[in-house]
Amino acid sequence: MPRLHIAALLLSSALAFFPITAAAQSDEDVYNRIESLHGDAGDLNEPLLSLVEAMGNSDAATIAGLAEYPLRVAANGESYEIQNADDFIENFDALVTQDTRDAVAGQTYSQLFVNSDGVMLANGAVWMSNVCENSDCSSSHWAVISINN
């Protein structure tokens with residue numbers, strides 16, 4: 001019997017070093033979480049699909065148009081606040097790595113992570129959020145709020 005306890009202890013100790021993955025979630029689960037935390041979940045679809053496609057095509061202008069400025073970008077070991085779309089487009093290749101583009105281009109809806117800060121794509125490479133357009137937030141739009149290479 002002591003051998004069984006030792007084996008169980010060794011197994012549980014070994015498992016502590018392996019990451020535990022979250023249970024798979026459905027598109028509906030993700031949609032409902034977005035709706036409950038941010039509202040306007042249906043309004044995310046168009047900008048999200050545009051972003052995924054634009055990243056796959058390295059379409060800086062489309063991505064710039066989906067961003068909220070100033071846009072925080074972590075790249076090259078530095079953190080930048082990009083002030084406008086023109087600056088983003090001009091510096092796109094330095095600001096958004098090919099690895100980030102590829103990761104976002106491969107994003108599926110069920111892989112999105114949602115919390116009160118927004119919607120995370122590609123394991124944190126890009127964050128989108130529902131941005132208020134007025135003081136009472138009666139009008140809003142989904143936008144890219146940060147890029148992390």
Among the polar types (S, T, N, Q), closer than 24 Å to D43 by Cβ, modelled with pLDDT of 95 or more and buried (at least 16 other Cβ atoms within 10 Å of the Cβ): is that true of N84 in this structure? no
Candidates S129, S146, S58, filtered to the one that is of a type outside the set (F, W, Y) and either in a loop (DSSP other than H, G, I, E, B) or surrounded by fewer than 18 Cβ atoms within 10 Å (Cβ to Cβ) (or both): S58
Test each condition in (1) of a type in the set (S, T, N, Q); (2) closer than 12 Å to M128 by Cβ; (3) free of Cβ contacts under 8 Å to residues at least 12 places away in the same chain for S79 and report the one that comes out false. (2)
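The values are calculated or read from the model by the stated rules, or taken from the named source; none is laboratory data. Treat the numbers as computed from the prediction; the structure is a model and nothing was measured. All Cβ positions, even for glycine, are placed from backbone atoms using ideal geometry, and neighbour counts span all protein chains on display.
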